Structure formats: structure tokens, C-alpha cells
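The values are calculated or read from the model by the stated rules, or taken from the named source; none is laboratory data. Note that the structure is a prediction, hence the values are computed from the model and not measured. Neighbour counts run over all protein chains shown; Cβ positions are idealised from the backbone, glycine included.
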């Protein structure tokens, strides 16, 4: 069996190193990558470290409890980083580009950049660690995730004209019983969007909500990084999309999903314009009860962000932004904003949504 010679890091260029790796069996790609990750292995194994970033050769920062901490890393030279990103690309079975998102051995996400995407002499590597732990709503509540949140829904003028289900949800919200509100919203098949910045806990919370979906439903997830595992739902399909050669688009995934008889569709994050339009259309054609995430600064901002995204799609660019926003307010029932793994804002106004229909 051909052995991985790590001395090539210093002796040969990246192209030859990547070529040697490409000739190895798949299992050996994993062995080679684990070897190359040895300088950061202790941080990958440390549960307190959520993120590792190497902004330039010899510099390393760890994100712990929301703050960055610098560590010495003299072994992370330019040549070493060059070989490391080549090994990452080989492990992912792709040709490396100046900017690329890659997966690591234990589900970590790596964003790598090298010249000409960054200045000469610099290679940047950012690793976001993945947590497969699914906390239920009771656990989140006991940890204070729902202790301090602001209601940004606006006034309800005629609650008596709402459905009994919506009145029930409004009562739970007014009582500030957020755990019960969220659980009932999932069971009542409300469409929920979770906004927040990178590392705010959006995906972690989405997993907690999906865990409350009845286990006899057929679920399909659409992701670019596999993070929604659905261990308790046997009738599940995990679809994957990406921009690399040989991968399918998010739009194709949504189209295939619509022909696969799902009870619910979960798109991990709204960031592809065409997929966003197709996905939201699916919610209005017999597939309610979805949960998705997006980058946003407030609960209200989720609607603006998704509206701008849809505006970039081939269908959306023919529609004015006000109409798109109206469509979103009538489609997405609940908007939640998270920061530092805590619920900060809640939007739920069925009266406004009904008036827009």
C-alpha cells in the first residue's frame, strides 16, 4: 500500500503533493488529513473551542465563549498551510480553488482562501466546529435560552377573528411561555424562520425545533453541509447541494423534493436566490410546517434579507420588492432572532398575515 510521505510539505510543491494524495484510496485521504491537522488537533478536541482561524502563516486564534484568543503557531508556515489546504481539497475530492468551502473529518466546516483571493504570502483557514448534540426545548429553557426576549409582533386588533389555533399561540406568547409556544407552533405546522449572525446558534436551535416534529412524518432536508440528522425520524431523506463540479444545485434539490411526497421540507439556510424562491413556493403548495435559517440582524430583518434574496432570482426580479415582502409576511408565520444561543426577538402576527392574503 502506498504510504503518505508528509515530508513533501517542505520538499515539493502543492501540485505534486495533491497529485500523490489523489492516487491514494479514500481511507488514506482521511489519514493524511488527520496527520496534517496535528498542529490544531488539541483545539479540535477541546469542547470549549467553537472556532479556529488562521488568518496568516504563523498566526492562530480560537473562539471561546464568544471571544477570540491568540495562540502561538510557528509550525503553521506558508508551505505547511499550502499543503494542508491541498490535503483538505483531496479529502473532499475536489480541485482546489482560491476560495473554497470544505468539510473536515468530524463534520467541521473549513473556509479556505489563498492567492489571488488574499494577498501574496498569505493563506487563510477558518474552521467552524460542528456539534451533533440535539438539545430539546426543555433543556434550552433550563439553560436560560428563553429568559429574555422581546415581542416585535405589533398589535392584534381583532383576535376574535383569528383561528382557535392562532389564538392559542398568541395566548402562550403573551404568557411568555416560549417553550410551549414553539412546540405548539411546530405541531400546528407553522413556517418558522430563524435569523442571526454567524455562530449565533441558528442551526442548533433549528435542530431542537425539528426534534418536535411527529416521528411518523416523511421529512426531506436540503443542505450544503449535513447538520440536520433527524435520528428519530426513520422516513427521512437528506439531499445535498453545492457549487463544486459534480454536485447538484439547491434549485434541483427543491424540484426533486417536490416530486418525492414529503410531509415537510427543511432547507438548512436561505442563501441561494433560485432555491429560496422555489422553496417558499413549495410552502404555499401543500408543504407547510417548515423550519429554515438565514443571516439577519433582527427578527424583522429576516423578511428584508429573504426579500432581497428572492429579488435576485429569475422569477423575483420581475416582482417589486414590496410585493415580495408581502408574500413573505403571508408565508413565513414566525420569525425568531437569536444571538449567543439566546432568543432575542419573536415575531408572530397572524392578523397581519391574514390581511395580506
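Quick check, is residue 65 on the phi > 0 side of the Ramachandran plot, at pLDDT below 95 and under 26 Å from the mean Cα position of the chain (by Cα)?
Numbers: on the phi > 0 side of the Ramachandran plot: yes; at pLDDT below 95: yes; under 26 Å from the mean Cα position of the chain (by Cα): yes.
It is true that residue 65 is on the phi > 0 side of the Ramachandran plot, at pLDDT below 95 and under 26 Å from the mean Cα position of the chain (by Cα).
Does residue 307 qualify as being over 14 Å from residue 222 (Cβ atoms), crowded, with 23+ Cβ neighbours inside 10 Å, at pLDDT 90 or above and assigned by TED's automatic domain parsing to the domain that holds residue 216? Break it down into steps so the answer makes sense when it comes.
Numbers: over 14 Å from residue 222 (Cβ atoms): yes; crowded, with 23+ Cβ neighbours inside 10 Å: no; at pLDDT 90 or above: yes; assigned by TED's automatic domain parsing to the domain that holds residue 216: yes.
Taking the combined requirement at face value, the residue does not satisfy it.
Is there a residue being touching a helix residue (DSSP H, G or I) at 6+ places or on another chain (Cβ under 7 Å) and free of Cβ contacts under 8 Å to residues at least 40 places away in the same chain anywhere in region 291-302? It would help to see each step written out before you state the result.
Step one: list which residues in region 291-302 are touching a helix residue (DSSP H, G or I) at 6+ places or on another chain (Cβ under 7 Å), which gives 291, 293-296.
Now restrict to residues that are free of Cβ contacts under 8 Å to residues at least 40 places away in the same chain: none.
No: region 291-302 contains no residue that is touching a helix residue (DSSP H, G or I) at 6+ places or on another chain (Cβ under 7 Å) and free of Cβ contacts under 8 Å to residues at least 40 places away in the same chain.
Examine region 144-163 for a residue that is under 22 Å from the mean Cα position of the chain (by Cα), surrounded by 14 or more Cβ atoms within 10 Å (Cβ to Cβ) and farther than 26 Å from residue 262 by Cα, and state whether such a residue exists. I'd like the intermediate steps shown before the answer.
Going through region 144-163, the residues under 22 Å from the mean Cα position of the chain (by Cα) turn out to be 145-146.
If we keep only those that are surrounded by 14 or more Cβ atoms within 10 Å (Cβ to Cβ) as well, we get 145-146.
Going one step further and asking which of them are farther than 26 Å from residue 262 by Cα, we end up with 145-146.
Yes, some residue in region 144-163 is under 22 Å from the mean Cα position of the chain (by Cα), surrounded by 14 or more Cβ atoms within 10 Å (Cβ to Cβ) and farther than 26 Å from residue 262 by Cα.
Mind counting the residues in region 158-169 that are assigned to a helix (DSSP H, G or I) and closer than 28 Å to residue 344 by Cβ?
Total meeting the criteria: 6.
For region 268-281, check the following and say yes or no: at least one residue is surrounded by fewer than 18 Cβ atoms within 10 Å (Cβ to Cβ), over 24 Å from residue 208 (Cβ atoms) and either in contact with a helix residue (DSSP H, G or I) (Cβ under 9 Å, 6 or more places away or on another chain) or touching a residue at least 40 places away in the same chain (Cβ under 8 Å) (or both).
Taking region 268-281 as the starting set, the residues that turn out to be surrounded by fewer than 18 Cβ atoms within 10 Å (Cβ to Cβ) are 271, 281.
If we keep only those that are over 24 Å from residue 208 (Cβ atoms) as well, we get 281.
If we keep only those that are either in contact with a helix residue (DSSP H, G or I) (Cβ under 9 Å, 6 or more places away or on another chain) or touching a residue at least 40 places away in the same chain (Cβ under 8 Å) (or both) too, we end up with 281.
Scanning region 268-281, I find at least one residue that is surrounded by fewer than 18 Cβ atoms within 10 Å (Cβ to Cβ), over 24 Å from residue 208 (Cβ atoms) and either in contact with a helix residue (DSSP H, G or I) (Cβ under 9 Å, 6 or more places away or on another chain) or touching a residue at least 40 places away in the same chain (Cβ under 8 Å) (or both), so the answer is yes.
Which one is surrounded by the most Cβ atoms within 10 Å (Cβ to Cβ) among residues in region 60-84 that are under 15 Å from residue 114 (Cβ atoms) and out of contact with any helix residue (DSSP H, G or I) (no Cβ under 8 Å at 6 or more places or on another chain)? Outline the logic, then answer.
Of the residues in region 60-84, the ones under 15 Å from residue 114 (Cβ atoms) are 76-84.
Now restrict to residues that are out of contact with any helix residue (DSSP H, G or I) (no Cβ under 8 Å at 6 or more places or on another chain): 77-78, 81.
On the way: 77: 15, 78: 15, 81: 24.
Here the answer is 81.
Here is a check on your reading of the model: is residue 172 under 19 Å from residue 350 (Cβ atoms) and buried (at least 20 other Cβ atoms within 10 Å of the Cβ)? Steps first, answer last, please.
Values: under 19 Å from residue 350 (Cβ atoms): yes; buried (at least 20 other Cβ atoms within 10 Å of the Cβ): no.
It is false that residue 172 is under 19 Å from residue 350 (Cβ atoms) and buried (at least 20 other Cβ atoms within 10 Å of the Cβ).
Return the residues of region 236-261 that are assigned to a loop (DSSP other than H, G, I, E, B), in contact with a strand residue (DSSP E or B) (Cβ under 7 Å, 6 or more places away or on another chain) and surrounded by 13 or more Cβ atoms within 10 Å (Cβ to Cβ); say none if nothing qualifies. First the steps, then the outcome.
In the first step, residues of region 236-261 are kept if they are assigned to a loop (DSSP other than H, G, I, E, B); the result is 241-249, 259-261.
Next, only the ones that are in contact with a strand residue (DSSP E or B) (Cβ under 7 Å, 6 or more places away or on another chain) stay: 241, 260.
Within region 236-261, just 241 meets the criteria.
Restricting to region 192-223, give me the number of residues that are in contact with a helix residue (DSSP H, G or I) (Cβ under 8 Å, 6 or more places away or on another chain), buried (at least 21 other Cβ atoms within 10 Å of the Cβ) and either outside any helix (DSSP H, G or I) or not assigned by TED's automatic domain parsing to the domain that holds residue 329 (or both).
Summing the residues that are in contact with a helix residue (DSSP H, G or I) (Cβ under 8 Å, 6 or more places away or on another chain), buried (at least 21 other Cβ atoms within 10 Å of the Cβ) and either outside any helix (DSSP H, G or I) or not assigned by TED's automatic domain parsing to the domain that holds residue 329 (or both) in region 192-223 gives 8.
Which of the residues belonging to region 62-96 are part of a loop (DSSP other than H, G, I, E, B) and under 30 Å from residue 247 (Cβ atoms)? So that I can check it myself, show each step before the final result.
In the first step, residues of region 62-96 are kept if they are part of a loop (DSSP other than H, G, I, E, B); the result is 65-66, 73-77, 92-96.
76, 92, 93, 94, 95, 96, listed by residue number.
What residue, among those in region 281-298 that are outside any loop (DSSP other than H, G, I, E, B) and within 17 Å of the chain's Cα centre (by Cα), is farthest from residue 196 (Cα to Cα)?
Of the residues in region 281-298, the ones outside any loop (DSSP other than H, G, I, E, B) are 281-283, 291-295.
Imposing the further condition that a residue be within 17 Å of the chain's Cα centre (by Cα) reduces the set to 291-295.
Details: 291: 14, 292: 12, 293: 8, 294: 7, 295: 5 Å.
My answer is 291.
Condition (residue is assigned by TED's automatic domain parsing to the domain that holds residue 192, out of contact with any strand residue (DSSP E or B) (no Cβ under 9 Å at 6 or more places or on another chain) and free of Cβ contacts under 8 Å to residues at least 12 places away in the same chain) applied to region 330-353: is it met by at least one residue?
The answer is no; no qualifying residue exists.
So which residues in region 97-132 are touching a helix residue (DSSP H, G or I) at 6+ places or on another chain (Cβ under 8 Å) and either assigned to a helix (DSSP H, G or I) or under 16 Å from residue 50 (Cβ atoms) (or both)?
Across region 97-132, the qualifying residues are 104, 106, 108, 110, 125, 127, 129, 131.
Sort out which residues of region 133-144 are in contact with a helix residue (DSSP H, G or I) (Cβ under 6 Å, 6 or more places away or on another chain) and without any contact (Cβ under 8 Å) to a residue 60 or more places away in the chain, and write them in order of number.
Residue satisfying the conditions is 141 alone.
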